[in-house]
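J.: Would you mind keeping the following structure in view while I ask a few things?
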Amino acid sequence: MKRLLFISESYSTGVRLIPVYLEALRHPDFEPMFFTTSLPNSELDPLLEQHGVQALDHKAVLTSKEVADFTKIRKQYERSFRQSIGALPNSAMSYRGVPLLDTFRQYFLNWNCKKLECMYLFDQMARKLRPDMVVVAYCCGSAKKFYVNRASQLGITSLHLQYAYRSLEIPMVQKRFNSDYYCLWGPSQVEPYLFEEHHRKNAFLTGNPTFDLYSMDKAEARRMLGVPAEARIFAIGIHLFDVQMKRVKEELSRARLSGDEFFIFKFHPIALGRMEEAAAMLDPLGISYKLVGLDHSPYTVCRASEYYVTYDQETLFLESYFFDAVNLLLNKDDGSRHTLLYDFLPGTLLEMEGLHQLDQVPALTEELDPDKRRYAVEQLWYKTDYLASKRVLEVAGRLLD
Amino acid sequence: MKPVYVSVSVDVESPQTPLLEKRLQGDGIWCDGNGLELLLTILERHGITGSMFTNIYEAAVRGRPEIERVLTTIQSRGHQAELLTRPVWIDRAGRKYMHQFSLDEQTAIISQGVQFIARSVGRKPAAHRAGGHGFNLDTLRACAQAGLGIDSSECPGHPNAQAALGRNRLTRTEGIIEVPATCLMRGGRALKIDPGMISLKDLQEFLAFLKDQPDHNFLNLSMPCYCLGVDPDDPARLRPNPALADRLESMLALLVADRDCLLTPMAELEPAMHALEETAAGRQRNRPVAPETGNNALQRALAGRQGKVLLVLATEEALEPVRGQEFGPNVILFTPREEVYRQALSQGLNPASPPDFDRLFLFHHLPFDDIQHLRESKGYSPTRYQYLFDEIAQDAILHNPAVRYCGEYDLYVNGDYNAANLMGHIILYTIEVLTDLVAQLKPELVICLDGPKGSMEFFVLETHLASCPGPEFLHLQAGRDTGGAA
């Protein structure tokens with residue numbers, strides 16, 4: 001039996017890993033274990049509970065003796081750090097003549113102690129749990145990087161499941177990856193996501209395992225959400241509350257609605273605390289709507305909707321392609337159009353000035369090209385068969401053979 | 001812009017390990033025409049005089065006439081023969097590194113090499129390099145005793161080195177100018193500026209970084225003479241490497257075309273060293289004036305000034321002293337923070353601000369969550385500072401074992417994205433905005449006006465301007481100093 005250690009930290013990584021973990025539980029060749037770096041976690045806990053995942057954390061792994069041993073290691077490191085850094089002038093780290101060391105030395109010490117803690121904890125996990133492979137959905141920084149680095153030092157293979165999209169159209173400096181192997185969402189992601197060639201050689205196309213848990217049909221999704229079965233549903237993603245809700249209010253007040261529209265506003269965790277404020281802004285408009293926070297997955301919302309509306313090309317905008325929601329991409333705040341993330345997107349979505357043009361949606365939808373849409377889905381998500389988790393496990397099995 | 005002195009240095013020798021182990025499959029210096037001669041031809045094509053560090057001690061296996069032929073080829077083609085010491089070829093005990101020898105022994109080894117070169121080409125070498133970077137301070141003393149003025153043995157963080165002097169900077173120690181191998185950091189590893197180790201893009205980025213650093217004015221492009229003629233995966237085998245030759249050509253073309261780069265043989269680097277020493281002395285002369293006290297300090301500072309003055313209104317307190325004031329056309333008001341800018345507008349002022357220079361308003365004082373929407377715009381990105389962190393953290397962190405390691409735990413594998421992100425937010429972007437502003441406007445005087453608690457803007461301007469010759473700097477604190485309208 002191959003022992004897979006899944007390491008999660010937040011909702012974003014948990015939602016990628018849990019489907020594969022659940023699939024591995026059912027697979028005769030694998031013995032999966034799920035570790036999270038931060039319990040309790042108000043976003044991740046409901047997800048773990050929803051899927052019945054028994055997660056380990058550091059308290060479950062470390063004995064009090066090991067905690068005491070680590071304290072000694074940490075104190076020794078602190079001493080040698082202070083002695084060494086204390087002997088250096090402030091200018092030993094500088095940029096354009098501006099000395100930086102004094103400002104950051106305490107941060108470096110605190111952060112390095114945290115790194116030590118992660119690596120020490122991983123050593124104990126490796127010794128007790130004996131994983132053959134570590135599976136993560138983020139390895140560029142924070143605690144997970146140090147588990148992956150330590151795994152690598154100990155000769156334990158690491159497998160990274162893609163967690164965010166990348167696009168060559170939007171050039172940016174990439175975060176550096178640290179894992180051995182990578183499972184990617186679709187062909188369009190290989191070059192943009194893995195900018196270092198040696199990582200590309202170790203990439204596999206599997207699709208996004210997150211979606212495997214959302215194979216319900218539209219009717220069932222609507223029942224789960226408690227929204228009308230027959231309405232034309234527009235899902236709207238809200239993460240920059242001030243800017244986006246202001247536009248929603250202003251544009252919908254000008255829109256000529258036909259009356260069969262229903263709006264689902266899906267709030268990003270950053271904006272969760274302002275849902276009441278959103279309701280106060282929306283009520284005077286007289287529209288039918290529902291506000292969704294962590295109580296329902298964004299994928300349930302996409303599955304239930306005919307349209308996904310967004311002011312930005314965020315991840316859910318791309319994910320809605322998997323769920324057959326037609327994308328409405330609204331112009332930027334300055335009125336200009338977006339540069340589309342991929343050259344296969346034109347013809348597959350509606351681009352509009354704002355919600356005040358909703359009456360044009362039916363006509364514009366007729367003009368979409370279904371072949372282009374199909375191609376876009378393949379490029380983004382490889383296959384829409386809800387078998388991505390199985391494919392990830394096939395990769396894991398091959399790598400461990 | 002300050003000049004960057006660039007030397008191209010070549011180690012002229014065979015691949016040492018295969019030669020020692022007697023498995024070299026051909027001549028490792030000439031490489032059937034793809035070694036020393038090809039390299040010299042490429043350098044000449046770009047008008048560059050190479051500093052050719054020659055391992056004369058290989059005469060023990062190749063014969064003296066053969067090494068003399070190498071030296072005369074170098075000299076006759078207009079390049080400079082310098083000395084590379086590989087004592088393993090003359091030491092009965094087989095010691096490989098100079099630091100394994102006493103001062104007297106090192107002096108004898110270097111003197112032998114100096115005489116060999118002088119007799120072969122009629123010119124004494126000016127510089128020495130310890131093979132494998134295996135030097136210590138005695139090596140510099142030995143150079144001085146042997147009459148050499150320059151040593152080029154240091155390579156930052158190299159395990160063979162028993163001394164750490166400048167880390168990418170020229171230094172003067174024991175009377176000798178130490179010219180280190182230039183290294184850049186990638187993913188926590190030090191890579192030499194060597195066409196076999198880095199890309200053209202790496203070189204471009206590093207050169208841009210170097211130009212910004214007041215204490216750095218030198219770049220050493222180094223390579224072994226056989227790099228274009230052996231298999232990079234197995235240096236015992238000769239194999240032409242046209243791709244590497246192309247890369248070298250591109251790198252040399254870049255350096256030659258850059259107006260700030262002065263291609264200089266190592267023997268002629270005294271002016272570069274002198275320029276650094278002058279900069280350090282200038283720092284002493286250009287200390288910022290202590291905060292003014294007493295009323296009307298701002299008016300006094302501006303009185304009679306004809307030259308350009310940059311007046312940075314760093315915090316909201318700074319707006320009080322300027323309320324109602326009239327400023328001459330030579331005074332540029334600048335508000336780096338958005339809330340200060342808006343308040344200035346409401347007061348009838350019309351200051352310049354970062355968006356006028358295609359930059360974001362400074363956000364170092366804002367919470368992390370408040371700046372998410374600023375990503376990937378106007379030069380700011382949380383990921384942008386990863387490579388810069390690698391460069392600036394070399395001395396204090398990446399080459400500092402007490403910080404980098406704890407037992408077998410390496411805390412900086414592949415850099416530190418989180419630290420880079422935080423530093424970008426807290427200060428690095430602020431440094432770039434303010435220093436670029438000063439560089440672009442070239443004021444005669446910079447005044448930073450803030451409140452009793454000071455400001456990040458003051459700290460950045462004070463320390464940056466103290467580090468390099470440039471405008472005068474004055475710090476005024478509203479509430480302590482400045483008084484009201486004239």
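J.: Identify, from the list B:F327, B:F363, the residue that is within 38 Å of the chain's Cα centre (by Cα), surrounded by 13 or more Cβ atoms within 10 Å (Cβ to Cβ) and part of a loop (DSSP other than H, G, I, E, B).
T.: Matching residue, one of B:F327, B:F363: B:F363.
J.: Can you tell me which residues in the stretch B:1-18 are touching a Ser or Thr at 6+ places or on another chain (Cβ under 8 Å) and of a type in the set (A, V, I, L, M, F, W, C)?
T.: The answer is B:V6, B:V8, B:V10, B:V12.
Per-residue answers, yes or no, for (1) of a type in the set (G, A, S); (2) on the phi < 0 side of the Ramachandran plot:
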residue	(1), (2)
B:K96	no, yes
B:Q100	no, yes
B:L103	no, yes
B:Q112	no, yes
B:F116	no, yes
B:S120	yes, yes
B:H128	no, yes
B:G132	yes, no
B:F135	no, yes
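J.: Based on this model, can you work out whether A:Q189 counts as touching a residue at least 12 places away in the same chain (Cβ under 8 Å) and either surrounded by fewer than 19 Cβ atoms within 10 Å (Cβ to Cβ) or within 14 Å of chain B (Cβ to nearest Cβ) (or both)? If you could, list the steps in order and put the result at the bottom.
T.: Numbers: touching a residue at least 12 places away in the same chain (Cβ under 8 Å): yes; either surrounded by fewer than 19 Cβ atoms within 10 Å (Cβ to Cβ) or within 14 Å of chain B (Cβ to nearest Cβ) (or both): no.
No.
J.: Can you go through A:I270, A:I236 and tell me which one is surrounded by fewer than 16 Cβ atoms within 10 Å (Cβ to Cβ), farther than 22 Å from A:D369 by Cβ and among the aliphatic types (A, V, I, L, M)?
T.: Details: A:I236 fails: surrounded by fewer than 16 Cβ atoms within 10 Å (Cβ to Cβ).
Going through A:I270, A:I236 in turn, just one is surrounded by fewer than 16 Cβ atoms within 10 Å (Cβ to Cβ), farther than 22 Å from A:D369 by Cβ and among the aliphatic types (A, V, I, L, M): A:I270.
J.: So, one more: Taking the stated definitions as given, is B:F357 more than 7 Å from every other protein chain (Cβ to nearest Cβ), more than 18 Å from B:R337 (Cα to Cα) and not acidic (D, E)?
T.: Details: more than 7 Å from every other protein chain (Cβ to nearest Cβ): yes; more than 18 Å from B:R337 (Cα to Cα): no; not acidic (D, E): yes.
For B:F357, the condition - more than 7 Å from every other protein chain (Cβ to nearest Cβ), more than 18 Å from B:R337 (Cα to Cα) and not acidic (D, E) - is not met.
J.: Scan the stretch A:79-102 for residues that are of a type outside the set (A, V, I, L, M), under 18 Å from B:H364 (Cα atoms) and within 7 Å of another protein chain (Cβ to nearest Cβ) and jot them down.
T.: Within the stretch A:79-102, A:S94, A:Y95, A:R96, A:P99 qualify.
J.: Output the residues belonging to the stretch B:399-421 that are outside any loop (DSSP other than H, G, I, E, B), more than 7 Å from chain A (Cβ to nearest Cβ) and surrounded by fewer than 23 Cβ atoms within 10 Å (Cβ to Cβ).
T.: Of the stretch B:399-421, the ones outside any loop (DSSP other than H, G, I, E, B) are B:401-406, B:409-410, B:417-421.
Now drop any that are not more than 7 Å from chain A (Cβ to nearest Cβ), which leaves B:401, B:404-405, B:410, B:420-421.
Once the filter is applied, which keeps residues that are outside any loop (DSSP other than H, G, I, E, B), more than 7 Å from chain A (Cβ to nearest Cβ) and surrounded by fewer than 23 Cβ atoms within 10 Å (Cβ to Cβ), the stretch B:399-421 yields B:P401, B:R404, B:Y405, B:D410, B:N421.
J.: Among the residues of the stretch B:45-62, count how many are surrounded by fewer than 24 Cβ atoms within 10 Å (Cβ to Cβ) and in a loop (DSSP other than H, G, I, E, B).
T.: Number satisfying all stated conditions: 4.
Quick grid of which residues meet (1) of a type in the set (G, A, S); (2) closer than 18 Å to A:M216 by Cβ; (3) within 16 Å of the chain's Cα centre (by Cα); (4) part of a helix (DSSP H, G or I):
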position	(1), (2), (3), (4)
A:S258	yes, no, no, no
A:K266	no, yes, yes, no
A:I270	no, no, yes, yes
A:G273	yes, no, no, yes
A:E276	no, no, no, yes
A:V309	no, no, no, no
A:L316	no, yes, yes, yes
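Let's see how each residue does on (1) surrounded by fewer than 21 Cβ atoms within 10 Å (Cβ to Cβ); (2) away from chain B (no Cβ under 11 Å):
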{"position": "A:D132", "(1), (2)": "yes, yes"}
{"position": "A:A137", "(1), (2)": "no, yes"}
{"position": "A:G141", "(1), (2)": "no, no"}
{"position": "A:G155", "(1), (2)": "yes, yes"}
{"position": "A:S158", "(1), (2)": "no, yes"}
{"position": "A:E169", "(1), (2)": "yes, yes"}
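J.: In a helix (DSSP H, G or I), at pLDDT 95 or above and either surrounded by fewer than 20 Cβ atoms within 10 Å (Cβ to Cβ) or more than 7 Å from chain B (Cβ to nearest Cβ) (or both), is that true of A:T71?
T.: Values: in a helix (DSSP H, G or I): yes; at pLDDT 95 or above: yes; either surrounded by fewer than 20 Cβ atoms within 10 Å (Cβ to Cβ) or more than 7 Å from chain B (Cβ to nearest Cβ) (or both): yes.
So A:T71 passes the test.
J.: For the stretch A:314-361, which residues satisfy the criterion of being farther than 13 Å from A:F234 by Cα, without any contact (Cβ under 8 Å) to a residue 40 or more places away in the chain and polar (S, T, N, Q)?
T.: Selection gives A:N331, A:S336, A:T348, A:Q360.
J.: Could you figure out which of (1) without any contact (Cβ under 8 Å) to a residue 12 or more places away in the chain; (2) in contact with a Phe, Trp or Tyr (Cβ under 7 Å, 6 or more places away or on another chain); (3) of a type in the set (G, A, S) isn't true of B:A396?
T.: (2)
J.: Hey, can you tell me all the residues within the stretch A:18-64 that are among the acidic types (D, E) and in a loop (DSSP other than H, G, I, E, B)?
T.: So the first thing to find is which residues in the stretch A:18-64 are among the acidic types (D, E), and the list is A:23, A:29, A:31, A:43, A:45, A:49, A:57.
Passing the criteria: A:D29, A:E43, A:D57.
The values are calculated or read from the model by the stated rules, or taken from the named source; none is laboratory data. Being a predicted model, the structure only gives us computed values, none of them experimental. Neighbour counts are summed over all protein chains in view; Cβ atoms, including those assigned to glycine, are modelled from backbone coordinates with ideal geometry.
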